1. Give the lysines whose C-alpha is closer than 25 Å to that of residue B:444, dropping any in the same chain fewer than 8 places away, or say none.
2. So for chain A, averaging the separation of alpha carbon pairs under 8 Å that are six or more residues apart and normalising by length, what relative contact order in percent results?
3. Sorting check: for B:129-137, A:49-57, which peptide has the highest mean count of neighbouring beta carbons within 10 Å, and how do the rest follow?
4. For segment A:351-429, what are the per-bin percents of Cα-Cα distances with bins 10 Å wide, up to the bin holding the maximum?
5. Mean projection of the alpha-carbon convex hull of segment A:5-100 over all orientations, in nm²?
6. Over all residues in B:458-466, what is the mean tally of Cβ atoms on other chains that come within 10 Å of each residue's Cβ?
7. What is the Cα coordinate range of segment A:281-345 on the first, second and third principal axes, sorted by size from largest, in whole angstrom?
8. Wrap a convex hull around the Cα atoms of segment B:229-344, take a quarter of its surface area, and give that in square nanometres.
Protein chains: 2
Amino acid sequence: MNQPNDLRSTLEPFLAACAAAIGAPHVLTDPHDTAPYLTDWRRRYQGAARAVLCPATTDEVAALVKLAVEHRVAIVPQGGNTGLAGGATPDTGGREAVLSLRRLNRVREIDPHNNTITVEAGVILADVQARAADAGRLFPLSLAAEGSCTIGGNLATNAGGTGVLRYGTTRELCLGVEVVTPQGDVWDGLRGLRKDNTGYDLRDLYIGAEGTLGIITAAVMKLHPQPAARVTALAALGSAHAALDFLSLAQRFAGPLLTGFELMSDFCLQLVGRHFPQLRYPFDGRHAQIVLLELSDSESEEHARALFERLMETALEAGLVADAVVAESLAQSQAFWNLREHIPLAQAQEGLNVKHDIGVPISRIGHFIEETDAAIAAAVPGARMVTFGHLGDGNLHYNVQAPEGGDAKAFLAENESTLNRIVYDSVNRHRGTISAEHGLGQLKIDEAAHYKSAVELQLMRALKQALDPLNLMNPGKVLR
Amino acid sequence: MNQPNDLRSTLEPFLAACAAAIGAPHVLTDPHDTAPYLTDWRRRYQGAARAVLCPATTDEVAALVKLAVEHRVAIVPQGGNTGLAGGATPDTGGREAVLSLRRLNRVREIDPHNNTITVEAGVILADVQARAADAGRLFPLSLAAEGSCTIGGNLATNAGGTGVLRYGTTRELCLGVEVVTPQGDVWDGLRGLRKDNTGYDLRDLYIGAEGTLGIITAAVMKLHPQPAARVTALAALGSAHAALDFLSLAQRFAGPLLTGFELMSDFCLQLVGRHFPQLRYPFDGRHAQIVLLELSDSESEEHARALFERLMETALEAGLVADAVVAESLAQSQAFWNLREHIPLAQAQEGLNVKHDIGVPISRIGHFIEETDAAIAAAVPGARMVTFGHLGDGNLHYNVQAPEGGDAKAFLAENESTLNRIVYDSVNRHRGTISAEHGLGQLKIDEAAHYKSAVELQLMRALKQALDPLNLMNPGKVLR
């Protein structure tokens, strides 16, 4: 790292002012220091920036934004840099400044009676979970990147994950936010209230806006009681249509105790078996679809298991389910989740693929898969469908693997845009979404503009213009 | 009613154009016809209007708004006219037009597999509940006015009610909306998706905006599985502080099965006993606080009752609860709810009172009651506190009854503003809200401006200005 004095004397005026505001060691300009902030998690985007700014407090963030306004410097807010749509990567021009929230990493308050935790934007998701658990509470947001993503990034992208069926998305887990506006003012909306009807819902406007309307610096998040036990089960079914009927049945039996309902096509499990042979396939024969169910029970493991047994018996008798297995231990529950979680890893082992994070109304999932599979088979022969996801949320990772044995890179280069068009057109016909949980970032900005109505785009632009008239907050993300 | 031809020839140009757009019989100008639309439910406000417009479709709403823009006529949207803050009553100038959504009353779709119902704004809340029940589903929004309020009004005010603890407010029950913008465009945001991260959250901006940013004409609402049984219980406690510990215990035992947790002070039940002696007081002695609990169980009545018995046993042993009774029949469950529901009626019988719909963090409720009771006792001797509400949501109806036997009207005229200031200042110190579930309307617009920060008011004004630059949508409501 450069010496502060050297740095300050050689810096352009904006960075010199930033160094004065937050301390020179926290204004990174050395390429070695800035590199990790300039490329995204999936390494799709390589940006450049005049600096990476690392404030430690809300007031420092506000001071930096005021300087950015004064010097007309665009700001790219960044949390754990684990986004999947390039939303936290600056453009290639080198004129933007990355503003990292990671040093805002205090848990400000935990209030078990109110079931809330107040955290700064840079707190790692796993740390929020851990602090909640220490207080005997559950913070249910959970996703693959939880060891490195930040709660601020989760809020900016309205992250989903595996608990949405019961607990909702990040939006539904947030009661209040603190925001630095594009003018450098601090809005203290840190309310820990379940009900508050006193004006416009600013909170939800900032959540999911990917840093384009202001910078979330802290939030009050909801906690839940810790369940006494979590138990999983697997069910084998003949089709995605059957899985829908099975979902209705499971919800009738288990109500809000049902916290997971994940679909995995047979090919997903074949891939897992090929690349992770140590993970045991749990059924004797093959089945078109496997569903992983999770119950979070307030009573006991025995109660959850008995509930599962009754559900499976009814489903088997009704012919909805061909086979089923209920986990008999925590280890077996974990083993079932492992199968699900190894699908993306098996996909990576298998080679290049095109990913889609789509959502449709839950009732349309069977039709969506049938129609889109058929359209892809006709247009791109040999494409292999890797279909899995959060069926209970209507959210599929509807991924396409190149044909076995061929040149995957050439195949994808030739077919990616065709595949995207087929998938997104089908999503659009079923009134779905092209980004269920990953956001738009820079990756899907044009696709979103293609499918959204003129009225919606106009409303979004009016809000952006009203709140950020200088277009300094993460420009080129979400909308142009 | 006037004859269409007469009407059209005598009307000012705006109303003539409206009559051409939606049919003259649906443009009400006769005072006999318009009267029910011009005063609010609580008869606090008496407005005037140049007409009441009754369109039947979204396109008709859009056509009327375009005419309003052309003729610069302000629009006051109205649903069932059951609001408690005057948000649907026009001002006294007689230049505004009331736009009633009641004829938009179709259920457009019900999708049990997706657990959604798509309804127009004018559908009565009880009808939404009934249609959901016909499809074997629960629409959990429930409140006193459900027989006459409309889902559009519920959305405009983000209504709360008795199911919030488990199912959330109207906001949390809504997946998508259709809106006529202040320019008369139709935004079709009728998405039935649990997850959708493709841009700004317009939906939540319109929810709770009380018709000041546009007119919600239809919505996709979430449904839930029907519980197999609902059982209630009453517990007697020594203080509101004990009720908080009891809430934590109940949530640990019952998790998401706990759907109601209502607090009633002893004086509330004394008033009920005085004015409705047929309602039996369920305990032998008197207790400072009574809590009504409700379980919604996916298994059976027996299971719910057994869970309650275990909970009460633990709470009694821990000394948290002094006495408890679990309903042994549906009739007894209903009798317990009756006690709670008769509190406002008993208050009305007792005479004039000042109502507050406040919310604080749940953990602060005990302190809030203690401090505010003491401040009121000191400043307004003789005032009687009628404290009850949705403790599980942190939402109290913290009402003040005039002293026994005196001139209630004179007492309130003298003390209402003092009482409001004491209550709202205390709410503010505890980081609470002056309107938890009723909205601002015209009743609390100045109070809200008094307590909100300059930054928040500025953000709200920026949004209003961006979306409704001519200020034609329900002016003088929510913010000036």
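1. A:195, B:355, B:409, B:452, B:464, B:477
2. 15
3. A:49-57, B:129-137
4. Per 10 Å bin, starting at zero, the Cα-Cα P(r) for segment A:351-429 comes out as 19, 55, 23, 3 percent.
5. Numbers: hull surface 22.9 nm².
The Cα convex hull of segment A:5-100, projected and averaged over all directions, gives 5.7 nm².
6. Whole-number average of other-chain Cβ neighbours for B:458-466 is 6.
7. Rounded to whole Å, the extents work out to 34, 28, 16 Å.
8. Reported value for the Cα convex hull: 6.5 nm².
Here, each number is a calculation from the coordinates, and none is a lab measurement. For clarity, every value in this text was computed on a predicted model and none was experimentally measured. Backbone-built Cβ (ideal geometry, glycine too); neighbour counts: all protein chains shown.
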